[in-house]
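To start, the structure itself, in structure tokens.
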Amino acid sequence: YGGERDLPPVLSAEQRAAEERIAQALAERRFRSFLLHGVTGSGKTEVYLAAIQRALDAGLGAIFLVPEIALTPQTTQRLERRFGKVAILHSGLTE
């Protein structure tokens, strides 16, 4: 991907609170699991993307799991616009 990168939007107060909890775990270098609950379109993906950016800024990596293979193309485009080249793995790919 060689296009211009998307700038992250300003997070809402709720999104920021969730992302800050994830950021704390990253800063402590501790594994913790988080469940973001919200209706479709509520901004959960932006929280995930902000957390990925924090991980990358800290020299870490990230794996973004997509719940439905049909969402792969649009998710890939979104990730590439934000982060550049990404690797994609799923059962529909040939060897």
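The values are calculated or read from the model by the stated rules, or taken from the named source; none is laboratory data. Everything numeric here is computed off the predicted structure, so don't read it as measured data. Every residue, glycine as well, gets a Cβ built from its backbone with ideal geometry; the counts of neighbours run over all protein chains shown. The area values use the complete protein model at the heavy-atom level, side chains included, leaving out ligands, DNA and RNA. Shrake-Rupley method; radii C 1.70, N 1.55, O 1.52, S 1.80 Å.
Where does the charge balance sit around Ile22 when Lys and Arg score +1, Asp and Glu -1, over other residues with C-beta under 9 Å from its C-beta? Summing Lys and Arg as +1 and Asp and Glu as -1 gives +1.
Heavy-atom accessible area with a 1.4 Å probe sorts Asp6, Asp57, largest first, into Asp57, Asp6.
What ratio of Cα Rg to 2.2 N^0.38 Å holds for the range 8-52?
Numbers: Rg = 10.4 Å, N = 45, 2.2 N^0.38 = 9.3 Å.
Here the answer is 1.12, to two decimals.
Within the shell of other residues whose beta carbon sits under 12 angstrom from the beta carbon of Arg82, the net charge comes to 0, with Lys and Arg scored +1 and Asp and Glu -1. The dipole here belongs to the chain: it is taken about the Cα centre, uses +1 on the Cβ of Lys and Arg and -1 on the Cβ of Asp and Glu, and is about 200 debye. Of the three principal axes defined by the Cα atoms of the range 45-92, the extents in descending order read 32, 18, 18 Å. Comparing Glu14, Glu68, Glu80 in a Gaussian network model of the chain, where Cα atoms under 10 Å apart are tied by springs, the biggest mean-square fluctuation is seen for Glu68. Solvent-free Debye calculation, one equal scatterer per alpha-carbon of the chain: log10 I(q)/I(0) at 0.10, 0.12, 0.14, 0.19 Å⁻¹ equals -0.29, -0.42, -0.58, -1.05.
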